[in-house]
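Colleague: First the structure, then my questions, so here it is.
The values are calculated or read from the model by the stated rules, or taken from the named source; none is laboratory data. None of the values given here were measured: they were computed from a predicted structure. Here Cβ is always computed from backbone atoms with ideal geometry, including for glycine, and neighbour counts include all displayed protein chains. Heavy atoms of the whole protein, side chains included, go into the accessibility calculation; ligands, DNA and RNA do not. Shrake-Rupley method; radii C 1.70, N 1.55, O 1.52, S 1.80 Å.
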Amino acid sequence: LKRYKLFIDGEWREGAGEPLPSENPFSREVWAEIPAADAGQVDEAVRAAAAAARGWARTSGVERASLMFKLAELLERDAEELARIETTDNGKIIRETRNQIRFAARNYRFFAGLADKMHGETKQLDNVAMFDYTVREPHGVTALLTAWNSPISLLSNKLPTALATGNTAVVKPSEHASAATLAMAALVAEAGFPPGVVNFISGGPEVGAALVSHPALGMISFTGSVEVGRRIAHAGAESLIPVALELGGKSANVIFADADLENAISGAVAGIFAAAGQTCVAGARLLIDEKVHDQVVEGVIERAGRIELGDPLAEATEMGPIATLPQFESIRRTIDGAVAAGAKIALGSGSPGDFGDALFIPPTVLTDVDSTSEAAQREIFGPVLTVRPFSSEEEAIELANGTPFGLAGGIWTNDLSRAHRVSRELECGMVWVNTYRSSATQAPFGGYGDSGYGRERGTEAIESYTRIKNTMIDISGAARDPFLLKT
Ligand code: NAD
């Protein structure tokens, strides 16, 4: 059994709470023990980060960057090992975890490159006897909480920005997949970050709740469910600190008749069946122009029907198991509910194969799903695609916007005007045209509506992790009238 530790103030600590077993969703064996912090250790971690905050904020951007570049190098050096830990922990296929860790290193480098380029502005005031400038300052201690589906990658959307902008951090991964994040703490130590700048704690929801309500925090960034996101927004409201929320989605992938259908079909499959649908940006609702509906559905079923299921550590595997038993049961319940409400299973009614107790759900395509039903409205977070025809661009837009979420949307068309027109109408933070689930460190990532607020990646992320200070200086040397507002 692999045993992990907490990393607080530059030191490894045993968790004071009862350790949590970590189950491999493919073998169903408990393979690791995750430490659980108690309230005292959460407090220690935040205090360590608070004690380190002033020194870190005064460190030059070049110095911060050099530590971050070093961390990126170490992530690349250990990418294979970290990918194997993550795949063992959450069942995501090795091809993807490996790729995600390399992408994570890219995010650290991007923000390292910005660390010595933070700047404010000088302002030209009405009163020319005043000199005025702004600076961006860090919030202090950031609490960074992530979901179980892509722990290292999700953290790389937060920690690099926090560090580059001069914040310190307390990192809390999900209790369902903490191993890779805790393993990464060793790389933070090796890179040489000063003690307290980055702290790693783990444990269940109570550890998360203790962290987000700590009075010494300056900002919270959370990736996870809408329900917990709401609680975190409440905690932020109590402390009056900013919160950035990356929540779920129910994104629409819209295929118009003029699209390159072969690409569109492959994009539809990538959108929902990659990562077994356990991705916030999953293109879970496929909307198809009625003129090409049958042809597209046939193509999707053909490709999805020969997805290679299997051991997520095997190179050839295209879809691994569902990460946790509760998630597996929730997906099954939603499929059964949809069928009971009249939906038809166009693909996925059979057994996923001979995988013993492994948590497999076969790639599933549902048709005749009522657009107000749970299967069409709720985030399933599994390999389940709902399909629906539309007869006009207006109807496609209305259907695409027909959930409370607003994370992403896909448009497949060769009509340039239509691409821009529909993109403008989609109520979501990210639109892909003739591609889906493509990521770039330079492009801002985040949602509208129930998908949250605040942006990660891109220079836009700097807004979330800094606050503005304005300094106004009277350079006239003249005495003032104390009873007159100086403008
Ligand atoms: P979750 O909300 O159950 O848990 C996320 C984290 O919050 C965990 O670390 C958990 O311990 C902690 N937590 C739970 N209760 C808490 C509380 N009361 N206070 C503070 N922390 C608490 O989410 P999950 O099941 O781990 O992840 C799945 C969800 O994450 C899906 O909805 C998915 O869409 C979303 N997600 C979003 C993105 C994105 O970037 N938009 C990316 C990946 C996943």
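Colleague: Within the set of pairs 6+ apart or on separate chains, which have a first residue in the stretch 205-218 that is touching a residue at least 12 places away in the same chain (Cβ under 8 Å), a second that is among the basic types (Lys, Arg) and away from the ligand (no atom under 11 Å from the Cβ), and C-beta atoms under 6 Å apart?
Modeller: Partner pairs satisfying both residue conditions: none exist.
Colleague: In this structure, is LEU325 touching a strand residue (DSSP E or B) at 6+ places or on another chain (Cβ under 9 Å), of a type in the set (A, V, I, L, M) and within 16 Å of the ligand (Cβ to nearest atom)? Let's see the steps before the verdict.
Modeller: On the way: touching a strand residue (DSSP E or B) at 6+ places or on another chain (Cβ under 9 Å): yes; of a type in the set (A, V, I, L, M): yes; within 16 Å of the ligand (Cβ to nearest atom): yes.
Yes; evaluated as a whole, the condition is true for this residue.
Colleague: Just need a number here: residues in the stretch 387-401 that are out of contact with any Phe, Trp or Tyr (no Cβ under 7 Å at 6 or more places or on another chain), assigned to a helix (DSSP H, G or I) and within 17 Å of ASP258 (Cα to Cα). Walk me through how you get there before you give the answer.
Modeller: Filtering the stretch 387-401 down to residues out of contact with any Phe, Trp or Tyr (no Cβ under 7 Å at 6 or more places or on another chain) leaves 387-395, 397-398, 400-401.
Still in the list and also assigned to a helix (DSSP H, G or I): 393-395, 397-398, 400.
Next, only the ones that are within 17 Å of ASP258 (Cα to Cα) stay: 393-395, 397.
So the answer is 4.
Colleague: Quickly run through the stretch 429-468 and pick out the residues that are more than 15 Å from the ligand (Cβ to nearest atom), surrounded by 17 or more Cβ atoms within 10 Å (Cβ to Cβ) and among the basic types (Lys, Arg).
Modeller: None - no residue of the stretch 429-468 is more than 15 Å from the ligand (Cβ to nearest atom), surrounded by 17 or more Cβ atoms within 10 Å (Cβ to Cβ) and among the basic types (Lys, Arg), so the list stays empty.
Colleague: Which of the residues spanning the stretch 274-296 are touching a residue at least 40 places away in the same chain (Cβ under 8 Å) and more than 16 Å from the ligand (Cβ to nearest atom)? Give the steps one after another, and end with the answer.
Modeller: First pass over the stretch 274-296, keeping only residues touching a residue at least 40 places away in the same chain (Cβ under 8 Å): 274-290, 293, 296.
If the condition is that a residue be touching a residue at least 40 places away in the same chain (Cβ under 8 Å) and more than 16 Å from the ligand (Cβ to nearest atom), then LEU286, LEU287, ILE288, ASP289, GLU290, HIS293, VAL296 are the ones that fit.
Colleague: What number of residues in the stretch 127-144 are open to solvent by less than 10 Å² (accessible area, probe 1.4 Å) and either within 12 Å of the ligand (Cβ to nearest atom) or not aliphatic (A, V, I, L, M) (or both)? Can you show your working first?
Modeller: At the first step, the residues of the stretch 127-144 found to be open to solvent by less than 10 Å² (accessible area, probe 1.4 Å) are 132, 141-144.
Among the residues that remain, those that are also either within 12 Å of the ligand (Cβ to nearest atom) or not aliphatic (A, V, I, L, M) (or both) are: 132, 142-144.
Adding up the residues that qualify gives 4.
Colleague: Which of the residues spanning the stretch 183-208 are within 16 Å of the ligand (Cβ to nearest atom) and touching a strand residue (DSSP E or B) at 6+ places or on another chain (Cβ under 6 Å)? Explain how you work it out, then say what you get.
Modeller: Our first condition is that a residue be within 16 Å of the ligand (Cβ to nearest atom); within the stretch 183-208, this holds for 184-185, 199-208.
The answer is ALA185, ASN199, PHE200, ILE201, SER202, GLY208.
Colleague: Looking only at residues in the stretch 209-228 that are under 18 Å from the mean Cα position of the chain (by Cα) and more than 7 Å from the ligand (Cβ to nearest atom), which one is surrounded by the fewest Cβ atoms within 10 Å (Cβ to Cβ)?
Modeller: Result: MET219.
Colleague: I've got another one for you. Please determine, by comparing only the residues of the stretch 229-258 that are free of Cβ contacts under 8 Å to residues at least 24 places away in the same chain, open to solvent by 50 Å² or more (accessible area, probe 1.4 Å) and not basic (Lys, Arg), which one is nearest to the ligand (Cβ to nearest atom). Before the answer, list the steps.
Modeller: Our first condition is that a residue be free of Cβ contacts under 8 Å to residues at least 24 places away in the same chain; within the stretch 229-258, this holds for 230-231, 233-234, 237, 240.
Next, only the ones that are open to solvent by 50 Å² or more (accessible area, probe 1.4 Å) stay: 230-231, 234, 237, 240.
Subsequent filtering for residues that are not basic (Lys, Arg) retains 234, 237, 240.
Values: HIS234: 9, ALA237: 13, LEU240: 17 Å.
Filtering first and then ranking leaves HIS234.
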